[in-house]
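Take a look at the structure set out below.
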């Protein structure tokens, strides 16, 4: 139960900090900023979905995660790990070709890793687990 509440607190702090960044910072509305904010809100929505599922399971007095959801999570993490390896190779290749600051490339790589996990989890939930 404490982990579920912690997810909501972290999501609220993240939304608050992004909002303050957009209002107080020098937001220009460039494509790079829009993509970064969109990625953040996709991941916050994903975290809120997990938090709501855990709260609903707790209210029904069910276990927070069953065997299938643990298996889907394990499969999604392993698939996202392999995708992120190739993503970082791509980031290393692109870093020589573009004139972006290093911290921007690292932030984009971390955001790409999180989105890769989200899309792997989404695919495995939609398509179902294959019998291995």
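Rule-based calculations on the coordinates, nothing more; no lab input. Nothing here was measured: the structure is a model prediction, and the numbers come from that model. Here Cβ is always computed from backbone atoms with ideal geometry, including for glycine, and neighbour counts include all displayed protein chains.
What to note about this one:
- Most mobile listed residue (39, 107, 25) in the chain, GNM with C-alpha springs under 10 Å: 25
- Treating each Cα of the chain as an identical point scatterer and summing with the Debye formula, the log10 of I(q)/I(0) at q = 0.09, 0.20 Å⁻¹ comes to -0.35, -1.26.
- For the pair residue 65 and residue 105, the difference between a 0.36 nm per residue extended length and the Cα-Cα distance amounts to 10.9 nm.
- Taking other Cβ atoms within 10 Å as a rough exposure proxy, 124, 105 sort from fewest to most as 105, 124.
- Based on the convex hull around the alpha carbon atoms, region 1-64 presents an average projected area of 4.4 nm².
- Residues 58, 103 arranged by fewest to most Cβ contacts within 10 Å: 103, 58
- Per residue, the average separation of C-alpha pairs within less than 8 Å and at least 6 apart gives the chain a relative contact order of 29 percent.
- Using the rule -39500 (n - 2.57) for each DSSP H run of four or more residues, divided by the residues of the chain, the 222 nm mean residue ellipticity is -29500 deg cm²/dmol.
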